[in-house]
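Inspection log for the structure reproduced underneath, given as structure tokens.
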Amino acid sequence: MRKLLNTLYVTTPESYLLKDGENVVVRVDGEDRFRIPVHNLEGIVCFGYMGASPQLMRLCTDNNVGLSFLSPSGRFQARVSGKVKGNVHLRRTQYRIADDIGDSLNIAKCFMKGKVVNCRTVLGRGVRDHGDVIDCDKVRYADSLIIGNLLKVDDCINPDALRGIEGNCAKFYFSALDELILKQKDDFFISERNRRPPLDNMNALLSFLYTLLAHDVESALESVGLDPYVGFFHTDRPGRASLALDMMEELRPFLADRLALSMVNLRQISGNDFLKKENGGVIMTDDGKKEVLGAWQKRKQDKIVHPYLKEKISVGLVPYVQAMLMARFLRGDIDGYPPFFMN
Amino acid sequence: MMVLVTYDVSTESEGGKRRLRKVAKECVNYGQRVQNSVFECLLDPAQFAKLKHSLCGIIDEEKDSLRFYYLGKNWKNRVEHFGAKEGYDPEGILIT
């Protein structure tokens, strides 16, 4: 299995990234703040309005290092990608399947099952671990509604029906997720998912984590030679990485939602790490972001046994493994796409 | 694996100074400078072979010396630091 390398997060707004030999150098006010050999990195994520030299971009593309630029609030803005790599036959197969409504619906169902099952696991774990302090009946009721929808996934005959099921499940799931927030109830609550802008602290935290996840999934898809922009469930739209969004569905509960919950419950993040703006939107402060980035990086280094491969990998490699399995499925090496079911 | 690279290059002649600069430059490409002629490099075996090959090509074995210390995967338990110029952990959290 491939080794998980590190990701460099640049949050100082006035920094400039440049290449020196084989090094990535972060320069602030003409002074070199940080340098690291490029072969230690998997990706570079920049927040804010920093610049990067063209030579650095070249260095990144040559070494398969993902270079992304996000707005200070964590919204994706741009990424630098090199030559299109991988196998043209694989990509053609991907496009053919994406064009076929029936085939892509079948794959979309896999994603959706993965997502719903993983959502249920998050809820089930909450009941098991904290059954004495939370309103178990409410969570179990939401769970039963989700099961009802899960059973209907296989009968869907068109993508719109599947979207309906997704919407229902998400509604029940997020309403129950509020119960699993055990500490700091005044600052963190979630009644429904909202974004652009997120309207409360918990939604802001989730949005930020999803952006980080999207960056990783997109790089993973690209590294196995798939086109992240052609999805099976999300429709094509310029500038939208639809396949990355598809694949995120099943990974969100395990990689992002649970991290958000434990950060709140362990008081790793507090209400002071968020700012409310005039338009009602909530953004995270720089300190808050650093805290989340730290927790995210740490989480990625945890080891799990992948349920399908039965191999010990870092959590950060899960998107890569799923992308690889997707490529194998499209090539016809395996009969179906196995979604990631966490345990 | 983590490899500690240390060197001593004789700078008595003009050629020695040139070799010193070249060795330092090559080491910077592969790792972190922790002290003046001491580098910590996190490498895979292929990268290490490349580094070793190029460094051995630069030095003059009559006058200079080069040492590699293999700290392996659990290198964090084997390194202690005191004083100024604390380095970063290439496997840790990198935020600037």
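Matching residues to (1) under 27 Å from A:Asp187 (Cα atoms); (2) in contact with an Asp or Glu (Cβ under 7 Å, 6 or more places away or on another chain):
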| residue | (1), (2) |
| --- | --- |
| A:Ala244 | no, yes |
| A:Pro253 | yes, no |
| A:Ile269 | yes, yes |
| A:Lys276 | yes, no |
| A:Leu330 | no, no |
- Task: Could you give me the residue pairs with C-beta distances under 6 Å whose first residue belongs to segment B:66-87 and is more than 24 Å from B:Lys22 (Cα to Cα) and free of Cβ contacts under 8 Å to residues at least 12 places away in the same chain, whose second residue is of a type in the set (A, V, I, L, M) and surrounded by 10 or more Cβ atoms within 10 Å (Cβ to Cβ) wherever it lies, and which are 6+ apart or on separate chains?
- Result: B:Arg78/B:Leu71
- Please work out which one of (1) of a type outside the set (Lys, Arg); (2) more than 14 Å from every other protein chain (Cβ to nearest Cβ); (3) in contact with a Lys or Arg (Cβ under 6 Å, 6 or more places away or on another chain) is the condition B:Phe39 fails and give its number. (2)
- Item | Tally, over segment A:46-98, of residues that are touching a Phe, Trp or Tyr at 6+ places or on another chain (Cβ under 9 Å), of a type in the set (A, V, I, L, M) and free of Cβ contacts under 8 Å to residues at least 12 places away in the same chain | 1
- Item | Restricting segment A:233-247 to residues that are of a type outside the set (A, V, I, L, M, F, W, C) and part of a helix (DSSP H, G or I), the residue that is nearest to A:Gly126 (Cα to Cα) | A:Asp246
- Task: Kindly indicate which of A:Phe69, A:Phe111 is within 30 Å of A:Leu275 (Cβ to Cβ) and either in contact with a Gly (Cβ under 6 Å, 6 or more places away or on another chain) or away from chain B (no Cβ under 14 Å) (or both).
- Result: A:Phe69
- Task: Return yes when A:Val122 is within 28 Å of B:Glu86 (Cα to Cα), touching a helix residue (DSSP H, G or I) at 6+ places or on another chain (Cβ under 8 Å), open to solvent by less than 70 Å² (accessible area, probe 1.4 Å) and at pLDDT 85 or above and no when it is not.
- Result: no
- Message: Tell me whether segment A:146-154 contains one or more residues that are among the basic types (Lys, Arg), free of Cβ contacts under 8 Å to residues at least 24 places away in the same chain and farther than 20 Å from A:Met248 by Cβ.
- Response: yes
- Condition test on B:Tyr7, is it in contact with a strand residue (DSSP E or B) (Cβ under 7 Å, 6 or more places away or on another chain), buried (at least 18 other Cβ atoms within 10 Å of the Cβ), away from chain A (no Cβ under 11 Å) and among the hydroxyl-bearing types (Ser, Thr, Tyr)? yes
- Message: Restricting to segment A:125-172, give me the number of residues that are exposed (fewer than 14 other Cβ atoms within 10 Å of the Cβ), of a type in the set (Val, Ile, Thr) and over 24 Å from A:Met247 (Cα atoms).
- Response: 1
- Restricting attention to strands (runs of 3 or more DSSP E) lying wholly within segment A:1-110, give those where 2 or more residues are open to solvent by less than 80 Å² (accessible area, probe 1.4 Å), touching a Lys or Arg at 6+ places or on another chain (Cβ under 7 Å) and of a type in the set (A, V, I, L, M). A:23-28
- For segment B:73-88, which residues satisfy the criterion of being within 12 Å of chain A (Cβ to nearest Cβ) and open to solvent by less than 50 Å² (accessible area, probe 1.4 Å)? B:Gly87, B:Tyr88
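The values are calculated or read from the model by the stated rules, or taken from the named source; none is laboratory data. Everything quoted here is computed from the prediction, not taken from an experiment. Positions of Cβ are backbone-derived with ideal geometry, glycine not excepted, and every protein chain shown enters the neighbour counts. We work out accessible area using only protein heavy atoms, side chains counted, and drop any ligands, DNA or RNA first. Shrake-Rupley method; radii C 1.70, N 1.55, O 1.52, S 1.80 Å.
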